[in-house]
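Data first, discussion second: the structure below is written as structure tokens.
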Amino acid sequence: MRGLIMNQPLLISSLISHADWVSGDREIITRSVEGPIHRYNYRDAHARSRRLANALKKLGVKLGDRIATLAWNTYRHFECYYAISGIGAITHTLNPRLAPDQLTYIINHAENAYIFVDADLLPLIELVAHQIPSIKGIVVMTDRLNIPDSKVVNLLCYEDLIEDNSDDLEWPIFDENTASSLCYTSGTTGNPKGALFSHRSTIIHAYASALPDVLQLSEKEVVLPVVPMFHVNAWGIPYGATMTGAKLVFPGPKLDGASIHQLLVDESVTFAAGVPTVWLGLLNYWKDNNTNVPTLKRTICGGTAVPQSMIESFQEDFGIELRHAWGMTEMSPLGTVSVIKPSHINSDKATRYRIQIKQGRPVFGVEMKIVDDQYNELPHDGKAYGELMVRGPWITSGYYKVENSEAHDHDGWFATGDVCTIDPEGYIEITDRTKDVIKSGGEWISSIDLENQAMGHPDVMHAAVIGVHHPKWDERPLLIVVPAKDKVPILEDINDYLSNKVAKWWLPDDMIVAESLPIGATGKVLKTKLREMYGNHILPTAK
Ligand code: ADP
């Protein structure tokens with residue numbers, strides 16, 4: 001027997017209509033690309049999104065067309081999200097930190113019809129304009145006064161499109177499984193692949209993201225996504241915040257510690273989201289300037305493992321809860337979030353930090369298992385480690401324009417490429433990506449664990465570990481460190497410090513002191529680059 005419940009399609013346009021109706025006066029603040037702070041509210045955002053949707057329709061944009069954005073986190077980018085997907089086209093976010101060749105590949109693979117671009121990013125499009133034949137026009141996201149001189153043909157002005165069109169529009173109703181947005185993985189191995197989200201998956205993900213033990217979104221919150229809208233839709237915040245009517249604060253192009261701090265203070269932000277490299281900048285700014293943000297209660301941090309020293313610094317020095325999260329582009333991106341269970345609240349500090357450095361428990365909707373090389377399921381005992389497989393209503397079932405996804409097994413589980421343990425309470429701990437794990441004498445060493453521990457040493461600001469060739473052990477760990485201010489790290493000191501934190505045979509065989517680590521387009525240390533730079537390093541133990 002079927003339930004007698006309406007089968008109302010879950011559509012992204014309903015988020016902004018709802019916010020207009022019940023939280024219309026809640027503000028959306030932006031540090032604009034032009035410079036000044038821009039303020040308006042959900043009601044205004046909805047009206048302008050409808051104008052933009054009418055403009056898109058006039059430009060001939062149809063259901064299923066891929067419309068690219070190359071833009072920072074701003075109110076105009078937010079309007080694009082709703083206008084493009086609202087009429088059934090697909091919002092395809094491009095990452096401005098990609099190399100021109102990668103941008104060209106992605107634009108051509110997606111066959112984008114138009115590109116919306118921030119004025120300061122137009123030079124990137126100029127570099128590739130002659131190689132992207134599907135593009136009918138380039139919309140510069142500013143007003144007529146601020147449009148830069150450019151040789152690019154078919155340049156359109158965003159504010160002209162808004163001005164020349166009315167907000168008279170009923171959002172169309174279509175199947176909730178219609179594609180809504182497209183986001184390519186960074187392609188650290190091979191070409192980037194497109195994760196194609198649907199209206200249904202986006203809405204279900206937004207519901208889940210708002211839950212108290214996930215992002216805890218509500219109208220009371222003031223949310224600042226530092227994580228870019230081109231990095232898996234800013235982890236879904238532009239949808240979850242709109243669903244709940246949270247005040248949104250967009251940082252625009254300025255992501256340095258001082259600029260973020262100013263916005264956090266001026267707008268009384270309560271919750272912020274970003275990758276560890278961003279928070280490193282902010283923590284340093286707070287410490288150097290002996291300041292803090294009294295309203296900030298929570299941050300969510302992920303994309304790469306968060307070192308314990310960072311969680312401690314947020315919580316002990318500044319009284320801000322840090323929620324460690326794990327996810328992937330293919331997962332929209334939320335997978336797990338680490339919050340302390342009530343049964344651990346009174347545990348000693350060391351136990352609580354031991355839990356907090358784990359990547360957390362699955363958000364409702366995400367199924368997980370770990371498997372060995374033969375796809376046999378492994379126990380959830382916190383010790384056995386294997387490849388993490390996931391399944392759920394916001395996880396990709398294949399890649400855009402890829403015939404057979406090798407990443408899915410016959411039961412539809414998606415192989416994440418991450419190695420982890422799952423403990424009896426459901427907390428996962430990522431040991432490594434399958435391609436980063438260090439294989440020493442037939443055993444595995446977790447580069448993530450070593451890096452995290454090394455970053456707790458006072459002489460170390462940033463650390464990465466790669467495996468390099470060893471004649472006897474196959475691979476051994478090489479530590480690469482960026483020193484803390486005015487410090488000269490010494491391998492013996494660091495190994496002394498590490499020796500009661502990790503197994504003796506894990507200790508790095510050698511260390512390289514570097515000025516900085518190579519950071520990729522989504523703010524993560526590029527292990528591939530490090531392997532290129534130091535992969536041939538001869539270890540003293542190998543001579
Ligand atoms: P890419 O890094 O290829 O752009 P994503 O941004 O989708 O792709 O990153 C997903 C990957 O990032 C995960 O598979 C995992 O390896 C890593 N990752 C994400 N969050 C964490 C975390 N909290 N701890 C460790 N690794 C993480």
Please verify whether the stretch 419-431 includes one or more residues that are in contact with a Phe, Trp or Tyr (Cβ under 8 Å, 6 or more places away or on another chain), within 11 Å of the ligand (Cβ to nearest atom) and open to solvent by 20 Å² or more (accessible area, probe 1.4 Å).
-> yes
**Report entry** Any chance V269 is in a loop (DSSP other than H, G, I, E, B) and either crowded, with 20+ Cβ neighbours inside 10 Å or not assigned by TED's automatic domain parsing to the domain that holds Y81 (or both)
**Finding:** yes
- request: Assess whether L4 counts as being under 21 Å from H205 (Cβ atoms), part of a loop (DSSP other than H, G, I, E, B) and either open to solvent by 50 Å² or more (accessible area, probe 1.4 Å) or among the hydrophobic types (A, V, I, L, M, F, W, C) (or both).
  value: no
Filter pass, V227 being more than 14 Å from the ligand (Cβ to nearest atom) and closer than 17 Å to Y75 by Cα: no
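Residues checked against (1) away from the ligand (no atom under 16 Å from the Cβ); (2) in contact (Cβ under 8 Å) with a residue 40 or more places away in the chain; (3) among the aliphatic types (A, V, I, L, M):
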| site | (1), (2), (3) |
| --- | --- |
| I162 | yes, yes, yes |
| D168 | yes, yes, no |
| S186 | no, yes, no |
| V214 | no, yes, yes |
| K220 | yes, yes, no |
| K247 | yes, yes, no |
Among helices (runs of 4 or more DSSP H) entirely within the stretch 435-543, at least 3 residues that are surrounded by 21 or more Cβ atoms within 10 Å (Cβ to Cβ) occur in 447-454
Next item on the list: With the condition kept exactly as written, say whether any residue in the stretch 92-103 is at pLDDT 95 or above and surrounded by fewer than 18 Cβ atoms within 10 Å (Cβ to Cβ).
Entry: no
For the stretch 25-39, the count of residues that are open to solvent by 10 Å² or more (accessible area, probe 1.4 Å), closer than 17 Å to L15 by Cα and in a strand (DSSP E or B) equals 1
Within the stretch 179-219, the residues that are surrounded by fewer than 19 Cβ atoms within 10 Å (Cβ to Cβ), more than 16 Å from the chain's Cα centre (by Cα) and in a loop (DSSP other than H, G, I, E, B) are T189, G190, N191, L211, P212, D213, S218, E219
Those residues of the stretch 266-302 that are among the polar types (S, T, N, Q), within 16 Å of the ligand (Cβ to nearest atom) and in contact (Cβ under 8 Å) with a residue 40 or more places away in the chain come to a total of 1
Q | Residue within the stretch 421-428 that is in contact with a His (Cβ under 6 Å, 6 or more places away or on another chain) and within 18 Å of H324 (Cβ to Cβ) present | A | yes
Right, S49: buried (at least 24 other Cβ atoms within 10 Å of the Cβ) and in contact with a Ser or Thr (Cβ under 6 Å, 6 or more places away or on another chain) or not?
no
Taking first residues from the stretch 384-401 that are farther than 17 Å from L334 by Cα and open to solvent by 10 Å² or more (accessible area, probe 1.4 Å) and second residues anywhere that are outside any strand (DSSP E or B) and small (G, A, S), the pairs with Cβ under 7 Å that are 6 or more apart or on different chains are G398/S405; Y399/S405
| said: Criterion first (of a type in the set (A, V, I, L, M, F, W, C), within 14 Å of the ligand (Cβ to nearest atom) and in contact (Cβ under 8 Å) with a residue 12 or more places away in the chain) does L263 satisfy it? | reply: no
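The values are calculated or read from the model by the stated rules, or taken from the named source; none is laboratory data. Just so it is clear, the structure is predicted and the values come from calculations on it, not from any experiment. With ideal geometry, Cβ positions are generated from the backbone for all residues, glycine too; neighbour counts draw on all protein chains shown. What goes into the accessible areas is simple: the full protein's heavy atoms, side chains included, and nothing from ligands, DNA or RNA. Shrake-Rupley method; radii C 1.70, N 1.55, O 1.52, S 1.80 Å.
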